[in-house]
Amino acid sequence: MPPMNDPEAKKRAARETIDILHEISTLLNTDLDRQSLSYCVSLIENGVNPEALAAVIKELRARQERDEARLGA
């Protein structure tokens, strides 16, 4: 493993982590893109409860679906 004091190594490791998480996310059909996953990881690393974050994402999606259905009807 490269020394983590190298900024390029840190960027590479972060990119690889997001790539792996995106693959898992795709397999689980979460519909989260790499940028969204990156935000989620950052929030969780800064202390946000992962289950609470998942609940917020689900609620936002449900609201969006309701709004789209209402506007489309």
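No lab work stands behind these numbers, since they all come straight from the coordinates. Being a predicted model, the structure only gives us computed values, none of them experimental. Backbone-built Cβ (ideal geometry, glycine too); neighbour counts: all protein chains shown.
Here are the numbers for the structure shown:
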quantity	calculated
Neighbourhood charge, 11 Å Cβ-Cβ cut-off, centred on Ser25 and excluding it, Lys, Arg +1 and Asp, Glu -1	-3
The chain - charge dipole about Cα centre, Lys and Arg +1 at Cβ, Asp and Glu -1, debye rounded to 20	140 debye
Cα pair distances in the chain, grouped into 5 Å bins until the bin that holds the longest one, percent each	3, 14, 17, 20, 17, 11, 9, 4, 2, 2, 1, 0
Helix 34-45 axis, angle to the chain major axis (alpha carbon atoms, nearest 10°)	70 degrees
Spin-label model distance (nm) - Asp6 vs Ile44, 7 Å beyond Cα toward Cβ	2.7 nm
Radius 14 Å from Cβ of Gln35, net charge of other residues (Lys, Arg +1; Asp, Glu -1)	-1
